[in-house]
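These notes are about the structure you will find just below.
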Amino acid sequence: MGRFPKKSGREVLGTHERLPAWIAKEKTSLSQLHDLKVGLRESHSHTVCEEARCPNRTHCFSHGTATFLLLGDVCTRACGFCSIKNGRPSLLDPHEPEDTASRVEAMGLRYAVLTSVNRDDLPDGGSAQFAETVRAIHRRCPTVSVEVLIPDFMGDLDAVANVVHAGPVVLNHNVETVPRLYPVVRPAGRFERSLSVLQKAKHLGRNLLGNDFKTKSGLMLGLGENQQELLEVFRSLRSVGVDILTLGQYLRPTRYQLPVARYVPPAEFESLAKTAKSLGFSTVYAGPLVRSSFNAFEVSQQDGIVIL
């Protein structure tokens, strides 16, 4: 069973609620993050780490990694768990693919993770921009592997194909929670639509890259789901060939997002990970502070259960 190093310290995530003792985060001097943040600003790059107030953002920044946020920083959806701005987005930045590739090169990354806001205002959901960014990274940094965390593109499977054909080694699309909770957690999402995206990606990716291509999905726990619902979701994800599953604790980014229904203890994460692994996932990464892109390279190289 894999196990990454534990972290120490505490962080209150934009609220005044008291967190359980097992939810902890290492302390990092803000001065350590200055150069990386300056570089991101100069290259006009956004990161989901900052926009979504990820609890691991100081850890990742201090270790020289980040998950790049494409298609601007305004989302066309208003999911109940997410603190990214929503509203009317601006026009796409034509320089974004090359600017992102330049930042990947400057950071000396060996593994780049790309995600995006939802852009339901665009005919292709922004998939062409996604694909061109992957290609730009491959041109500038041919030894860098790319993982993508894509939206559902409103179920447009041609848009999914655009991204897969660009050559990422891992395609992630998070189902986020159990179907019963979609009306409040992902009101514009559809669980079956997400399954079709993952199934299409797996089929195309395996034809292009064989076993080197993996699909990935993740859930946030503590939103009000129950064990039976989780098991049904695990089985559904395996039925469309998902290789990597991530399980993390939902933490309320600000007081404007959904409250936490329950804090799931570490032992329960470990038990769920074992259950999921028994269903056939190659890798299950679980723990209160697990996020789908956290330690993405290490997780992509693991087989088995990894507990944070």
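Which trypsin sites (Lys or Arg not before Pro) from segment 205-258 combine a DSSP loop assignment with at most 10 other Cβ atoms within 10 Å?
The qualifying sites are ARG255.
Would you please give the residues with an amide H less than 5 Å from that of LEU289, counting only those at least 5 places away or on a separate chain, with H modeled from the backbone geometry?
Close amide H contacts, sequence-distant or interchain: GLN249.
Can you pull out the trypsin sites (Lys or Arg not before Pro) in segment 258-308 whose DSSP state is coil and whose Cβ has at most 16 other Cβ atoms within 10 Å?
ARG262
So what's the projected area for segment 131-249, the Cα convex hull averaged over all directions, in nm²?
7.4 nm²
Would you mind checking segment 176-204 for residues with the amide N under 12 Å from a putative spin-label position 7 Å along Cα→C-beta of ASP120?
Inside the label zone: 186-190.
At 0.36 nm per residue, minus the direct Cα-Cα distance, what do GLN301 and GLU268 gain on full extension? Give it in nm, one decimal, please.
Details: separation 33, 0.36 × 33 = 11.88 nm, distance 2.43 nm.
Going from the current span to full extension adds 9.5 nm.
Whole angstrom only: what separates the Cα centroid of segment 63-127 from the Cα centroid of segment 248-292?
24 Å
Read-outs throughout are calculated quantities, based only on the coordinates presented, and are distinct from any laboratory measurement. These figures come from a predicted structure and were not determined experimentally. Every residue, glycine among them, receives a Cβ derived from its backbone with ideal geometry; neighbour counts consider all protein chains shown.
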